[in-house]
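The next block holds one structure in the form of structure tokens; read it before the comments.
The numbers here are math on the coordinates, done by the rules we state, and not lab data. Please read all numbers here as calculations on a predicted model, not as lab measurements. Don't worry about glycine lacking a Cβ; one is built from the backbone with ideal geometry, like all the others, and counts go over all protein chains shown.
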Amino acid sequence: MLDVLFGQPSDPGKFRRARNWTTTALNRRRLAAAWPLFTALSTCVMAARSPSKFPTWPLEQDPVRADRFRREEEIGTTLNHPNVMKIYADDHRSGIYMVMEWCEGRLLRQILSAEGKLAPERAIKITLGILRALDYIHNHGVVHRDLKPENIMVDDHDNVKLIDFGIASIEGAKRLTYTGYTQALGTPDYIAPEQVKGKRGDARSDLYAVGIMLYEMLSGKTPFTGPSPLAVMNDRLINHPLPPRVAEPSVTPQLQKVLYRAIEREPKNRYPSAQAFALDLEHLDQVGVADRAELTHWKKSRSPVSRNVLLYSALALIPILLFVAMLLLSRHHS
């Protein structure tokens with residue numbers, strides 16, 4: 001247990017029971033900023049680094065975001081798995097913050113930005129680590145809902161840590177509202193089709209995002225594209241993805257079959273669980289291969305006419321999304 005209470009990073013002198021030194025912010029996001037601190041552990045003579053996440057706004061000014069911050073802490077303190085970043089509980093804090101496990105490594109996004117694409121063996125190893133984390137959190141009633149390379153930490157041995165449960169949901173808890181429509185959805189490149197349609201999403205939505213990340217790790221690009229985030233989201237509702245073996249010839253027919261099942265448009269056609277997804281990746285030689293309509297129809301769906309239809313459909317969605325955003329805002333302020 002941490003024998004420390006952190007102060008605000010702007011005033012590093014006000015700490016209780018241990019000395020801490022803040023440095024530059026690790027990561028700044030819309031809801032909070034993470035700072036690294038050196039902390040003393042009650043059971044260890046050596047000092048250990050631990051990042052601390054502070055809200056970037058006064059909580060009393062936005063109770064909805066305050067609820068989200070507290071929900072993230074509630075979820076994090078109940079989870080304990082080697083592939084999930086740990087959040088440490090402390091009931092005697094003097095301020096609002098979260099103390100998180102220090103994870104060595106780089107974000108998967110940083111790796112992809114530097115290397116473009118990964119060898120199939122490496123991509124599969126990283127994906128299996130993500131699936132182990134998801135199998136654990138899903139069995140504990142938690143759905144991440146914002147899986148993307150920015151939320152996956154990878155160490156030098158390609159072991160992974162799942163981080164940032166900022167918009168996660170937990171079974172049995174009250175449903176929280178949002179201050180903006182896009183926050184409820186997640187990230188356009190990795191969002192599942194049912195979430196684009198306004199549905200809440202479940203564990204299968206997380207598995208869809210893993211499929212998109214595996215596709216990206218193998219090919220260096222995501223399967224759905226468009227001139228705007230709305231067009232990217234709409235693309236997955238209308239078009240078939242570029243076949244993985246066309247995007248990257250080193251992908252085997254068996255691995256392509258796994259990818260197609262992971263990113264099925266209908267949730268019922270996807271893997272039923274992270275464990276089932278991982279089982280196929282671990283035993284690709286046992287994956288049956290069959291012809292799929294997507295292997296022949298993808299060119300037709302991505303013709304210039306279809307792209308124009310996609311663009312106009314995306315433009316038509318704009319007023320609908322604006323209306324939903326205004327409705328959510330009005331409910332938030334009422």
Nearby aspartates and glutamates by direct alpha-carbon distance to residue 148 (threshold 13 angstrom, same-chain neighbours under 8 apart not counted): 164, 189, 206, 216
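Provide, as a two-decimal number, the C-alpha radius of gyration of the range 243-285 over 2.2 N^0.38 Å, N being how many residues it has.
Working: Rg = 10.6 Å, N = 43, 2.2 N^0.38 = 9.2 Å.
Ratio of Cα Rg to 2.2 N^0.38 Å: 1.16.
Using 26 Å as the Cα-Cα cut-off, could you pick out the over-long pairs in 86/125; 197/221; 86/117? Mind showing how you got there, number by number?
Details: 86/125 21 Å; 197/221 24 Å; 86/117 29 Å.
In this structure, 86/117 lie more than 26 Å apart at Cα.
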Order by protection proxy (mean Cβ within 10 Å, highest first), peptides 130-143, 110-123: 130-143, 110-123
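Pull out the extension gain between residue 159 and residue 283, defined as 0.36 nm times the separation in residues minus the alpha carbon to alpha carbon distance; nm, one decimal. Don't jump to the answer; show the numbers that get you there.
Values: separation 124, 0.36 × 124 = 44.64 nm, distance 1.98 nm.
The span from residue 159 to residue 283 would gain 42.7 nm if fully extended.
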